[in-house]
Amino acid sequence: LIIRIAAGIIFTMHGGKKFLSGGPKKFAEALSAMNIKPALFWGHIGVYTEFFGGLLLILGLLTRIAAIFLFVFILTALFKVHAKKGFFNEQGGFEFPFLLACGNLALIVAGAGKFSLDYLIFCR
């Protein structure tokens, strides 16, 4: 529950920030600079995955599916952006995305838990 809610808040806030600061089009500019193509397509996928995937984690709804999408998203960021900057977060390193990736991996394996909409809907 704690990992799911914390990761959900972090992803929702980051996705919301991207929506408010230019949306998928602005994010696509950053992706284009990293030679990720088609940038606009992946810009939409990234922003929507972060925001709505985070909301799904908070609710505990379709948790494993959301966690898979978020895991792939954060691994991409880890390897494309953060890995070359070393480990520590203050230098833009992979410390923080690594922790988010591990949290999502835990949710993929363990699921949402008892206090979730997944449990209410699918485990009754």
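The values are calculated or read from the model by the stated rules, or taken from the named source; none is laboratory data. A quick note: this is a predicted structure, and the numbers were derived from the prediction, not measured. Here the Cβ is made from the backbone with ideal geometry for all residues, glycine too, and neighbour counts use every protein chain on show. Each accessible area value is taken on the protein alone, full model and side chains, heavy atoms only, with ligands, DNA and RNA left out. Shrake-Rupley method; radii C 1.70, N 1.55, O 1.52, S 1.80 Å.
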On the formula 1/(1 + (r/R0)^6), with r taken between the Cβ atoms of ARG64 and HIS44 and R0 of 22 Å, the FRET efficiency rounded to 0.05 is 0.45
Measure nothing but the geometry: give the 0 to 90° angle between the long axis through the Cα atoms of 63-77 and the longest principal axis through the Cα atoms of the chain, rounded to 10°.
20 degrees
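What longest region of the chain stays clear of chymotrypsin sites (Phe, Trp or Tyr not before Pro) that DSSP places outside H, G, I, E and B and that have at most 16 other Cβ atoms within 10 Å? Mind showing how you got there, number by number?
Details: sites that count: PHE87, PHE88, PHE115.
Longest stretch, sites excluded: 1-86.
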ILE108 versus ASN35, label points 7 Å from Cα toward the beta carbon: distance in nm?
2.6 nm
Go ahead and collect, in residue order, the members of region 2-17 whose backbone nitrogen is under 16 Å from a label point 7 Å along the Cα-Cβ direction of LEU120.
5
Counting only protein heavy atoms with a 1.4 Å probe and every protein chain in place, the carbon and sulfur fraction of the accessible surface of the chain in whole percent equals 74 percent
So with the 1.4 Å probe, I'd like the accessible area per residue for the chain, rounded to whole Å².
61 Å²
In the chain, lysine pairs closer than 27 Å at Cα, eight or more apart or cross-chain:
22
For the chain, build the charge dipole from Cβ charges (+1 Lys, Arg; -1 Asp, Glu) around the Cα centre, then report which of ILE9, LEU70, ASN104 sits farthest towards its positive end.
LEU70
On C-alpha positions alone, give me the angle between the axis of helix 95-110 and the longest principal axis of the chain, in degrees, nearest 10.
30 degrees
